[in-house]
Amino acid sequence: MYLRRIRFTAVVITFLIFGGLSFPSVLHSQEQQTDGSRIVFYSFFVNIVSEPFNFPLIGFVNIARGNHLFPQIGFINLNTANFSSLQAGFINTALGDVNGLQLGFINTAAGDLSGLQLGFVNTANSFAGSQIGFINTTARESQGLQLGFVNTAARAHNGVQIGFVNYAESIENGIPIGFISIVRRGGYRAVELSFTEFYHFNAGLKLGVERFYSTLFAAYNSVTDFDLKYFAAGLGFGSIIRISESFFVNPEVNSLSTFESRGNRQYLSFVPFFGFDINRFFSVTLGPSVTWTRANSDAELRSPNFYITEHRINDNNSIVVGARAALRLRF
């Protein structure tokens, strides 16, 4: 009885894989052409069809020659022209425009994408929609959302990049939000040296666009002995709001954390800078600051070098109002 069941199962699988070849051929037998340009090969394992084919392709490998308007679901999905539906598989490729959803590990639209790519690696010639994955790339224009660890676009127009690393050749009305955001043309890149109420020497690298940029900070307090506890590093975000060609308002939020073997201290600051461009390369900023300082149970809460006012909440937390000044070199 057990052997009969195995034989019956094998017969059913064989029928599904090979016997299914005749199903679409019967449906479309009147459309077959003797020159071979019209292809219908539907085995439920490898499916190869030509336009028009008004049925979904469900199999391990699905290949649609020409335009296709129905879902492709399998391990590898390929469409040689425009595609308007769902591609769901490990590798999804459309050699034309895509209007719909590509869902898989690697998604590629050689033409324009109008819809969503959701996968580990997403690539498109241009898109109006969303790319969500670990790596998102667009060869030309992007209008929409790129959300991933690494996002790249030739031209971000009315789009948003959110990731650890963002890169764009140019950005018109878009905004990059991330740890490192590089815009080659029209971006904001500056090196900053500043003096704050907590640290005598501060250096920052600012990357992004004037509307929104990120800053990588390093800080050091000058003392008689050299120790890691006098160093700090952190991340900040800011925006430049132009009042005139030379004057601007520059609100920033940044966070610093100290390097200490036992415990550490954190500084979370809001700084409404006021700035002036000396020329196209140099600018100066200054303004008040409000900082929440926190020390964990193994660290000492220290007073700033100077301040306007300080309010001790408890032994581990305080609010400090101070002032800061900086010199920036734009490159």
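Values quoted throughout were computed directly from the atomic coordinates according to the rules given, and no laboratory measurement underlies them. What you see is a predicted model, and the numbers here were worked out from it, not measured in a lab. Every residue, glycine among them, receives a Cβ derived from its backbone with ideal geometry; neighbour counts consider all protein chains shown.
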Quick one: if the Förster radius is 45 Å, what FRET efficiency do Arg330 and Ala128 give, using the C-beta to C-beta distance and rounding to 0.05? 0.90
Have a look at the chain and give its Rg and Dmax from the Cα atoms, expressed in angstrom. 29.5, 92
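Provide the gained length on full extension for the span Ile58 to Ile39, in nm with one decimal, where the gain is 0.36 nm per separating residue minus the Cα-Cα distance. Mind dumping the intermediate values first?
Values: separation 19, 0.36 × 19 = 6.84 nm, distance 1.64 nm.
Fully extending the segment from Ile58 to Ile39 adds 5.2 nm.
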Choice from Asn166, Asn67, Asn107 with maximal GNM fluctuation in the chain (Cα, 10 Å cutoff): Asn67
Burial-style ranking of 235-243, 155-163, 298-306, average other-beta-carbon count within 10 Å with highest first, yields 155-163, 235-243, 298-306
Calculate the spin-label point distance for Leu286 paired with Glu169, positioning each point 7 Å from the Cα along the beta-carbon direction, and give it in nanometres. 4.3 nm
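Could you tell me whether the stretch 132-226 comes out rounded, prolate or oblate from its Cα gyration tensor? Rule is a ≥ b ≥ c as square roots of the eigenvalues, rounded for a/c under 1.5, then prolate if a/b exceeds b/c, otherwise oblate. Could the numbers behind the result be given before it?
Working: a/c = 3.61, a/b = 2.46, b/c = 1.47.
Prolate.
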Roughly what would the spin-label model give for Phe259 and Asn279, points 7 Å off Cα along C-beta, in nm? 3.5 nm
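Once the other residues with Cβ under 12 Å from the Cβ of Glu245 are scored (Lys, Arg +1; Asp, Glu -1), what is the net sum?
On the way: positive: Arg242, Arg280; negative: Asp277.
Charge balance near Glu245 sits at +1.
Which FRET efficiency, nearest 0.05, do Ile180 and Glu210 yield, Cβ-Cβ r, R0 22 Å? List each step's numbers first, then the result.
Numbers: r = 17 Å, r/R0 = 0.76.
Working from the Cβ atoms, E equals 0.85.
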Specify which residue in the list Tyr220, Phe306, Pro288 is farthest towards the positive end of the charge dipole of the chain, using unit charges on the beta carbon of Lys, Arg (+1) and Asp, Glu (-1), about the Cα centre. Tyr220
How large are Rg and Dmax for the stretch 188-330 when calculated on the C-alpha trace, in angstrom? 15.4, 49
Excluding Arg324 itself, calculate the net charge of residues whose Cβ lies under 12 Å from the Cβ of Arg324, where each Lys or Arg counts +1 and each Asp or Glu counts -1. -3
Can you compute the modelled spin-label distance between Leu228 and Ile241, with each label point 7 Å from Cα toward Cβ, in nm? 4.1 nm
Place the peptides 108-114, 202-208, 121-127 in order of packing, highest mean first, counting for every residue the other Cβ atoms within 10 Å and averaging per peptide. 121-127, 108-114, 202-208
What is the dipole size for the chain, taken about its Cα centre, with +1 at each Lys and Arg Cβ and -1 at each Asp and Glu Cβ, in debye to the nearest 20? 480 debye
